[in-house]
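Take a look at the structure set out below.
Laboratory data are not the source of any read-out in this text; all were calculated from the coordinates shown. Every value quoted in this text rests on a predicted model; they were computed, and no experiment measured them. Neighbour counts are summed over all protein chains in view; Cβ atoms, including those assigned to glycine, are modelled from backbone coordinates with ideal geometry.
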Amino acid sequence: MQSLLRWSLENSSPQDGSSSGDGAVASRRELDPGIIDMILGKPDAVQLKEDVSVAVDAERSEDDRLAALDHMEMLVENIDNANDLKKLDLWQPLLSLLDSTSSSTEIKVQVLWVLGTALQNNPAAQDVYLAYKPLPTLLGFLTPSPSTTVATRSKALYTLSGLLKHNAPAVKELDNPESGGWVQLRGALQDPEISVRRKTAFLLNSLILPTNPNPVAAQQSTPRSIAPPTNATTDSIPSATVESASIIGPTTSMSTMSTTPAESHSAGDSQNGPVHPNSHDAYLKDPSRTDTSTASLEAFDRYNIVGAVISSVVDPVPFGQDGENDKSDADYEEKAMHLLHAYAVQCGRSFVDEDKRTLRQWIEKEAAADSHVAERWNFSLSDLDSLRRRLS
């Protein structure tokens, strides 16, 4: 700060407009760029490049590399910085860390975190990332093994969520035989770590729910009951509220999911006028891009995802470090029941006879043992009744 003050004094003009006696104009001294960086901070683009440079340098310490990736994850929370990854040619070196022999498990986890954050609600980044054919690598992290820790599998699901939500082209890629995506997700419902199962059920739910054909318009009409307060962060909001803001829950009226021509004016603009390049122009060029429900429901039937969900609830796999927890997990059970409700009631799909019989008998048994079973699953009585009717 003293250097900046000294520079400003030395390079300011006299207040009375007088000049030096010999009439010569004093030459201005340029301010040291290092001082500017110290005062104002380096531009985000420069910081992104520096972070990647440190992260890919196998000669640097593990702590330095992890710190660089952690800082990078914070930067790409800004959508402009996330899109700068392409402009700065940083995608390839970042992705190379997932396959590099110099990358520890901790580094891979941090890379997955950076990717997932950059992809969230960012179709431009989703398209760039999908062009690298990342699904086989991402899905490979979901298989429990000595090299895939709980943190790795959880962060892989975080990245998958960022890539797949509101992104029908990516969901269709899950059906590619090379990725085996739906088979991997079905297997994750039986993961020995319960937190992985929870994340999988929540992701599957978000993929099958009918979505507003224009998320840009939807953001303008978010129900006040689920809108976070100004300046609030997800850390200060109950998790149930955050999740209900991300998907349409069982108690949501179907009328709130429809979009009238007046509400979808942005989509109409894309037909009647130019679509200017921006992070979300993909939604305007192709409103059907957000329809992940159609492809997901077809895959649910083809890969028996519903049967796997029912099995995971009715006959849960023990979880814990040594499989010591052999009781049902309340949080997972709730998410799985919401998923089944969404499939049958909100999406209007039918259960196969065996699944229908198994789920009906289990619900009857649970209801007989617990008169508050609807509350346990965070259902209203009408939600539970509507599901039971689909099982009759």
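Observations on the model:
- Extension reserve of the Ala368-Lys87 stretch, reckoned as 0.36 nm per residue once the Cα distance is removed: 95.2 nm
- In summary, the lysines within cross-link reach of Lys49, defined as a Cα separation below 16 angstrom excluding same-chain residues under 8 places away, comprise Lys86, Lys87.
- Computed over neighbours whose Cβ is under 12 Å from that of Thr137, the net charge equals 0, Lys and Arg +1, Asp and Glu -1.
- Ranked by how many other beta carbons lie within 10 Å on average, peptides 99-106, 147-154 from highest: 147-154, 99-106
- At full extension, Asp326 and Thr137 could sit 64.9 nm farther apart than now, given 0.36 nm per residue minus the alpha carbon distance.
- Contour excess over end-to-end distance, with Cα ends at Asp44 and Leu95 and 0.36 nm allotted per residue: 16.4 nm
- Order by protection proxy (mean Cβ within 10 Å, highest first), peptides 346-359, 75-88: 75-88, 346-359
- Take the Cβ atoms of His71 and Ser145, set R0 to 25 Å, and the FRET efficiency comes out at 0.25.
- Each peptide among 284-293, 364-373 gets the average number of other Cβ atoms lying within 10 Å of its residues, and from highest to lowest they stand as 284-293, 364-373.
- Three-way shape label, region 282-335, alpha-carbon gyration tensor, a/c 1.5: prolate
- Shape call, region 83-220: gyration tensor on alpha carbons, a/c limit 1.5: oblate
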